1. Which numbered condition in (1) in contact with a Leu (Cβ under 8 Å, 6 or more places away or on another chain); (2) surrounded by fewer than 17 Cβ atoms within 10 Å (Cβ to Cβ); (3) among the charged types (D, E, K, R) is the only one that Glu450 fails?
2. Quick check on this structure: which one of Gly175, Gly180 is among the small types (Gly, Ala, Ser), more than 24 Å from Pro221 (Cα to Cα) and more than 26 Å from the chain's Cα centre (by Cα)?
3. Taking into account only those residues within segment 302-330 that are among the β-branched types (Val, Ile, Thr) and within 16 Å of Ala342 (Cβ to Cβ), which is surrounded by the most Cβ atoms within 10 Å (Cβ to Cβ)?
4. Filter segment 332-341 for residues that are touching a residue at least 24 places away in the same chain (Cβ under 8 Å) and in a helix (DSSP H, G or I); which is nearest to His388 (Cα to Cα)?
5. State whether the residues of segment 559-566 include one that is surrounded by 21 or more Cβ atoms within 10 Å (Cβ to Cβ) and under 11 Å from Ile603 (Cα atoms).
6. Among the residues of segment 423-443, are any more than 30 Å from Arg500 (Cβ to Cβ), of a type outside the set (Val, Ile, Thr) and exposed (fewer than 15 other Cβ atoms within 10 Å of the Cβ)?
7. Which of the residues spanning segment 528-579 are of a type in the set (D, E, K, R) and in a helix (DSSP H, G or I)?
8. Going through segment 166-179 one residue at a time, which ones are part of a loop (DSSP other than H, G, I, E, B), in contact with a helix residue (DSSP H, G or I) (Cβ under 7 Å, 6 or more places away or on another chain) and hydrophobic (A, V, I, L, M, F, W, C)?
Amino acid sequence: MSRTRARVLLTSRRDERGWLGGLPTRIRLPRMPMRERIQFTQGLAARHGHRITDVADWRPLLRYSDGNPLTITVVVGQALRAGYRTSAQIEGFVARLRAGEADLDDADEAQGRSRSLAASLTYGLTAAFTEAERAQLAVLGVFQDTVDVDALVAMGDARNPWAVPALAGLTRETGLDLLGRAAEIGLLTAIGGGYFAIHPALPWFFRQLYPVGTDRDTTVPVRAAYIAVIANFGDTYHNWYEQGRADVVNLLQLEEANLLRARSLARAAGRRREMMGCMQGLRILYEHTGRGAEWARLVDELVPDIVDPDTGAARPGLAEEWALFTTYRVAIALGGRDWTSALQLQQTLVGHYEREAAAALATAPDQRTDTDRHRIRDVAVGEQALGHVFREQQDPACVAHYHRAVELLRAIGDRRGEGTIAFNLGHAYVNIPSLRDLDQAEHWYRRDLELMDEQDLLGRARTVGQLGRVAYGRLVDARAAGQPESVLLRHLNDAATAYRDALGLLPADAKPELATVHHQLGVIYTLAGEYDTALNHYQQSIRLEEASGNRYGAGQTRHTVAILFARAGRTSDALLYAQAALADYAPYGAGAAAAVEEVHQLIARLGPPTGAP
């Protein structure tokens, strides 16, 4: 079964039930406070003849337990039996547990059901499930944190070359019944929408049902199926998000541990295609929720796997994966304001796309195949990204790349892609001084809205916010031209309305976008003379930028607040914010040189704080 076909099956199941908006974004199970976890652990250690004096060494394990007494009993007991005592040993153990690489033993099993976790669980399973059902539950040993019934069904689909025999014939209905009964005896916790939380200690137990090396060991085929299904989920959720369905982030939050686990297994098995499928899902999750530093670490880890260290090109047989991976690296370089690396990487990528699409571009439009159109779209996307690199440096050369991308996308009828480039052309006419033309900017932003799906709320929020920026730009121009107060007020209200509308459309977890809108509302309310409201928006923006790992953005807002306080005569507060802005800019080196100089000039004008010697 191809990845495409698997995606179609998954889409039909999920879309028809409309689950995306109704799932919880995080799993919350009952848990012990940290102080009680420490006391509980010290008691367990005493039973093993060990006294814990340095509690800090054990905190990583206690955080991993999430405060569940069963987990603490199992994992602390294992650590004590293994002789782990130092912080490094315990952190290594936790890392193996998170990666699904550490098995746990149950030293009390010989003492009977009343003393043994494994014996107790085995008794419950034997009484409640048939042999065939126990074999199906054993598959749960490969999952992390959650299991989705649709994943089990897909893993047993007979049309798949990696189908798991134990899951053959499993339907969604029978799967829900099976997992529901497992939840009734405490093995799982029902979340909703076909999802169940797996107790952190229980993957170990599920693996014990058919231990590695026995006649019934299914480790290899189960892992193979798991990798393929989770990678397919990552691809699918990425595509849904790109189609404007931001609520798919709810599913990605539930699947995060599985995406990381499948990524690790795929990497170890040399299955680069599936590894990148997992990365696609993780990319959307981390970028949407502002976890840029975590995402950059995941990408950096894979450079040796995909990139030839001598040429910078793809390792043999990995051209497709390399192209996708390079887009990750370009975006990270842009975020870090490393223009040289971003330009070099993107030019290399566009050259690759041009070579791959040469025949397609030479083919008459009415004779092009789907493959031809796909390759032409790759060139357009590459040209668009090259435009981004130039635009970020305020280079008008970006427009030529954007227009070529538009032409290519029109030639293959890609309206959504054309809308994305229209959005970026709007940016160019707002941001680049030598191009600045607010009428052109508004034209391209409204063209984006015309081409956009009505259900793409996140996309609409972004574009409506940019219309607010155009209105603000007109306000600035009108003030400079000495226009009447009524004209200024109209532009000010247009900007405020657009930004408030954007704020209402944005989901609560879209931290980078929310940070931008709050900053702009701070600017608008400052102009309106409502300083307390403005400061509130600025502070929310700073909090969101920091949560997103965007220190440069936080520094920009702190710089703005410093100016606000300086104008109000609050020199001490202004200096505090200015110094904090400098600290935010520091990691960006030459990429923040101009911003750093502006802050230094502000500090020089402010002089020492009031009352300083």
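1. (1)
2. Working: Gly175 fails: more than 24 Å from Pro221 (Cα to Cα).
Sole residue among the options that is among the small types (Gly, Ala, Ser), more than 24 Å from Pro221 (Cα to Cα) and more than 26 Å from the chain's Cα centre (by Cα): Gly180.
3. Step one: of segment 302-330, the residues among the β-branched types (Val, Ile, Thr) are 303, 306-307, 311, 326-327, 330.
From what's left, within 16 Å of Ala342 (Cβ to Cβ): 303, 307, 326-327, 330.
Numbers: Val303: 11, Val307: 18, Thr326: 22, Thr327: 16, Val330: 25.
The extreme case among them is Val330.
4. Applying the first criterion (touching a residue at least 24 places away in the same chain (Cβ under 8 Å)) to segment 332-341 yields 332, 334-339.
Imposing the further condition that a residue be in a helix (DSSP H, G or I) reduces the set to 332, 334-335, 339.
Details: Ile332: 13, Leu334: 9, Gly335: 11, Trp339: 10 Å.
Among those residues, the one meeting the criterion is Leu334.
5. The answer is yes; a qualifying residue exists.
6. Pass one, segment 423-443, residues more than 30 Å from Arg500 (Cβ to Cβ): 434.
Subset that is of a type outside the set (Val, Ile, Thr): 434.
Still in the running and exposed (fewer than 15 other Cβ atoms within 10 Å of the Cβ): 434.
Scanning segment 423-443, I find at least one residue that is more than 30 Å from Arg500 (Cβ to Cβ), of a type outside the set (Val, Ile, Thr) and exposed (fewer than 15 other Cβ atoms within 10 Å of the Cβ), so the answer is yes.
7. Here is the first cut: in segment 528-579, the ones of a type in the set (D, E, K, R) are 530, 532, 543, 545-546, 551, 558, 567, 570, 573.
Once the filter is applied, which keeps residues that are of a type in the set (D, E, K, R) and in a helix (DSSP H, G or I), segment 528-579 yields Asp532, Arg543, Glu545, Glu546, Arg551, Arg558, Arg567, Asp573.
8. Here is the first cut: in segment 166-179, the residues part of a loop (DSSP other than H, G, I, E, B) are 168-171.
Okay, now just the ones that are also in contact with a helix residue (DSSP H, G or I) (Cβ under 7 Å, 6 or more places away or on another chain), so 170-171.
Once the filter is applied, which keeps residues that are part of a loop (DSSP other than H, G, I, E, B), in contact with a helix residue (DSSP H, G or I) (Cβ under 7 Å, 6 or more places away or on another chain) and hydrophobic (A, V, I, L, M, F, W, C), segment 166-179 yields only Leu170.
The values are calculated or read from the model by the stated rules, or taken from the named source; none is laboratory data. Source: prediction; values computed, not measured. Quick reminder, even Gly has a Cβ in these numbers, built from the backbone with ideal geometry, and neighbours come from all protein chains shown.
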